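Peer 1: Sharing a structure here in structure tokens format.
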Amino acid sequence: MGSILHFGLGNFARAHLLDYTDQAGGWDVIGVSLRSSSVRDGLAKQGFAYDLCVQGQGVKRIEVLKDVLVAPKDREAVFDAIANADIISATVTEKGYHLDADGKLNFQDPAIIADLAGQGPSTLIGFLAYGLANRQKPLTVMSCDNRVENGKVLESAVSDFASAAGLGMNWDAIRFPNSMVDRITPATTDAVRAISGDAMAVPTEAFSEWVIEDNFAGPRPDWPGVQLVDDVAPHEKRKLRMLNGAHSLLAYGGLNRGLTYVHEAAQDPVLRPLVSQLMKDAGTTLPTELQDQVPAYADALILRFENPELAHCLDQIAMDGSQKLPYRFVPTLRETGSAAVVQGMRAWISFCISETAAGRVLNDPLAGEIASSARHSDAVSALLKLVGAEDLAPLIRE
Ligand code: CS2
């Protein structure tokens, strides 16, 4: 029996990695919640099993999770689990990596400063660096977040932290495969809880995709349908620039137009053609061997976005824009100057300005910087700077 230690037990992990691992059999998962105990408290009452409500397919009970540790309280247990795991995986969202706009570990980030001060870590990076120091057994550390080269950036963040903290690492024994993950998984609503009768139920779509770099230090579950490849980059670009880029355009464009759900924005007469254009333009930036697949992939994405039963809220996608846009919008903008992506970036800027003017604080780790940039006399440049694209201001302003 192999063991996975998974950081970040949001709905996405419970609909993706845990579902795949449950189906594979022969492996257990122990979860770590980095902050709140609410997922642990809810799941502990039901032996850590929960209903996955797969749209169009029915409900399945996921029973692969054996325990959930809450990091601030169970630190020693987390370190023990790090020492014993065969695979450590993470879905801590984009901001959970504490990187700066260049993708490097942000040593100005208060959470990283606190972890380096050595009072017991609170971040994924701190836990990994301290926990892996001097571990000799082979280990695979697998990021499953929507970041470009997610494994590589995690490795360099842990390595930068370890150097700064003076920790020794047995790098030869550790692998950090890159991966591309996909399954649209909204937050749980009361309607979902009522239908399934499980307070911890997770709603998700039928579609799911997982492409992983074939770079494991030891055994792995026999995950059904997973593609193991030499290079994840083309898949990652396809998904981040087309799916997630379109999502962010729908989110900011839709919220600015007073809409609530992805399926409403996908049917909006102004946004729908823009989304199709964005996907077409993003498609041109993909490697030649993927070009043929772009139209069918784009059509399939529109169908997924139009799905009304998922009730996927636009504000869930709109959060943490400063962490998402650098690889959802900026590369396509730089490579193609896409007018549709220009509209997407303008929609984010308008959203930041109008929310700030209304006195609302954005749900974003850079909320403070966003608010002061939105009030700046050159708000466009100031906001673009936060997503590493200040030089694109003339294109956005035109
Ligand atoms: C979404 C993603 O919240 C967001 O920003 O774009 O979570 C999206 O639903 C997933 O990446 C789909 O795999």
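Peer 1: Put one equal scatterer on each alpha carbon of the chain, apply the Debye formula with no solvent term, and list log10 I(q)/I(0) at q = 0.06, 0.12 1/Å to two decimals.
Peer 2: Rounded to two decimals, the profile gives -0.23, -0.98.
Peer 1: With 10 angstrom as the radius, rank LYS280, LYS73 by how many other C-beta atoms surround their C-beta, starting from the fewest.
Peer 2: Placing the least packed residue first, the sequence is LYS73, LYS280.
Peer 1: Which lysines does LYS237 reach when only Cα atoms under 18 Å apart count, and residues fewer than 8 places away in its own chain are ignored?
Peer 2: Candidates past the 8-residue exclusion: LYS152, LYS280, LYS324.
Peer 1: Right, another one. If each of ARG135 and ALA187 carries a label point 7 Å out from its Cα toward its Cβ, how far apart are those two points in nm?
Peer 2: Using points 7 Å along Cα→Cβ, the separation is 3.2 nm.
Peer 1: How would you rank TRP223, TRP348, going from fewest to most other Cβ atoms within 10 Å of each one's own Cβ?
Peer 2: Fewest-to-most Cβ neighbours within 10 Å comes out as TRP223, TRP348.
Peer 1: Using only DSSP helix segments of four residues or longer, with each worth -39500 (n - 2.57), what per-residue ellipticity at 222 nm results for the chain after dividing by its residue count and rounding to 500?
Peer 2: So the helix-based figure for the chain works out to -12500 deg cm²/dmol.
Peer 1: Quick one: dipole size for the chain, taken about the Cα centre, charges +1 on Lys/Arg Cβ and -1 on Asp/Glu Cβ, in debye to the nearest 20.
Peer 2: The calculated dipole for the chain is roughly 540 debye.
Peer 1: On alpha carbon coordinates alone, what is the Rg over Rh value for region 234-397, Rh being the Kirkwood radius?
Peer 2: On the Cα set of region 234-397, Rg over Rh gives 0.96.
Peer 1: Could you tell me which residue out of LEU43, VAL70, GLY31 lies farthest along the dipole of region 22-113 toward its positive end? Charges go on the beta carbon: Lys and Arg +1, Asp and Glu -1, centred on the Cα centre.
Peer 2: LEU43
Peer 1: Considering the Cα positions of region 1-70, please state its Rg to one decimal place and its Dmax as a whole number of Å.
Peer 2: 11.5, 34
Peer 1: Once Lys and Arg get +1 and Asp and Glu get -1 on their Cβ, which of THR123, PHE216, GLY359 lies farthest toward the positive end of the dipole of the chain?
Peer 2: Positive-most Cα among the choices belongs to GLY359.
Peer 1: Roughly how many nanometres apart are two label points built 7 Å out from the Cα toward the Cβ at ALA358 and GLU398?
Peer 2: About 3.0 nm, to one decimal.
Peer 1: Post the alpha-carbon centroid distance, region 122-153 to region 172-214, in whole angstrom.
Peer 2: Region 122-153 and region 172-214 have Cα centres separated by 20 Å.
Peer 1: Would you tally the net charge around SER381, using a Cβ to Cβ cut-off of less than 11 Å, leaving SER381 out, and scoring K and R as +1, D and E as -1?
Peer 2: -1
Peer 1: Compute a Gaussian network model of the chain, connecting alpha carbons closer than 10 Å, and tell me which residue from THR91, THR260, THR189 fluctuates the most.
Peer 2: Ranking THR91, THR260, THR189 by mean-square fluctuation puts THR189 first.
Peer 1: Once R0 is set to 30 Å, what does the formula 1/(1 + (r/R0)^6) return for the Cβ-Cβ distance between ASP391 and PHE107, expressed as a FRET efficiency to the nearest 0.05?
Peer 2: 0.75
Peer 1: Under unit Cβ charges (Lys, Arg +1; Asp, Glu -1), what dipole magnitude, rounded to 20 debye, does region 234-397 have relative to its Cα centre?
Peer 2: The dipole magnitude comes to about 180 debye.
Peer 1: Grab the other residues whose beta carbon is less than 11 angstrom from that of ALA199, score K and R as +1, D and E as -1, and report the net.
Peer 2: Neighbour charge sum, excluding ALA199 itself: -2.
Every number in this text was worked out from the coordinates using simple rules, so none of it is lab data. These figures come from a predicted structure and were not determined experimentally. Counting neighbours? That spans all protein chains shown, and the Cβs are built from the backbone with ideal geometry, glycine included.
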